[in-house]
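S.K.: The following block contains the structure, expressed as C-alpha cells.
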Amino acid sequence: MHALALAMPHVQVWPGSQENPVYQVGGKSFIFFRTPRPDAFDPVTGDRYPDVIVFWVASEADKEALVSDPDSPFFTTPHFDGHLSVLLRGSRVGELSLSEITEVVQDAWLARASARRASTWLAEHQLG
C-alpha cells in the first residue's frame, strides 16, 4: 500500500496525530491511516478497529460501487456520510488482488490531484 501511494507523482507523506501516515498530493490527502475511532468498531466485541485506511473516491457513485457489496472489504460509517471516501481495514487488504488495490490507490490520487496533474498522469499511462 505504502509503495503504491509513494509511486504516484508529487506525493508527500505527513505524520498523522499518532505518526500514522497521511499521503497527500498538492496538499490534499488521498489516503490516510486512521487512528482507532468510535465509528469503526467490531460489532461483536465493541473494540475499535486499529487498522482503518481511508481512500478518497471521485464520486458518490464510485463510493457506492465499492461499499454496496456485503462481501467487499470496503465499508463506510455514518461519520463518512456525504464524504467522498471509503474505508478498508488493513487486515482485509489481502482480500484484494494487487491490481485491485493499485486501482484504488491510483483512483484516490486522481480524485485529489489537480486537473493538470491528473490529465498528465492519465496521458502518460494511456488511460485518459
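The values are calculated or read from the model by the stated rules, or taken from the named source; none is laboratory data. This one's a predicted model, so the numbers in the text were calculated from it and none came from an experiment. Note that we place each Cβ from the backbone using ideal geometry, even for glycine, and neighbour counts take in every protein chain shown. Just the protein is used for accessible areas: all its heavy atoms, side chains included, with ligands, DNA and RNA removed. Shrake-Rupley method; radii C 1.70, N 1.55, O 1.52, S 1.80 Å.
S.K.: Mind checking which residues of the range 1-35 are under 11 Å from the mean Cα position of the chain (by Cα), hydrophobic (A, V, I, L, M, F, W, C), closer than 17 Å to residue 106 by Cβ and assigned to a strand (DSSP E or B)?
M.R.: 30, 31, 32
S.K.: For the range 25-65, which positions are without any contact (Cβ under 8 Å) to a residue 60 or more places away in the chain, charged (D, E, K, R) and open to solvent by 50 Å² or more (accessible area, probe 1.4 Å)?
M.R.: 37, 47, 48, 60, 62, 64
S.K.: While we're here: Against the conditions (1) touching a residue at least 12 places away in the same chain (Cβ under 8 Å); (2) over 11 Å from the mean Cα position of the chain (by Cα), where does residue 107 fall short? Just the number, please.
M.R.: With respect to (1) touching a residue at least 12 places away in the same chain (Cβ under 8 Å); (2) over 11 Å from the mean Cα position of the chain (by Cα), residue 107 is out only on (2).
S.K.: List pairs: first in the range 1-24 and more than 15 Å from residue 102 (Cα to Cα), second open to solvent by 50 Å² or more (accessible area, probe 1.4 Å) and part of a loop (DSSP other than H, G, I, E, B), Cβ under 7 Å, 6+ apart or cross-chain?
M.R.: Pairs found: 10/26.
S.K.: Okay, moving on. Could you check residue 71 against (1) touching a residue at least 24 places away in the same chain (Cβ under 8 Å); (2) open to solvent by 50 Å² or more (accessible area, probe 1.4 Å); (3) assigned to a loop (DSSP other than H, G, I, E, B) and say which number it fails?
M.R.: It is condition (1) that residue 71 fails.
S.K.: Sticking with this structure for a sec: Out of 95, 64, which single residue is over 25 Å from residue 36 (Cβ atoms) and out of contact with any Asp or Glu (no Cβ under 8 Å at 6 or more places or on another chain)?
M.R.: Result of the check over 95, 64: 64.
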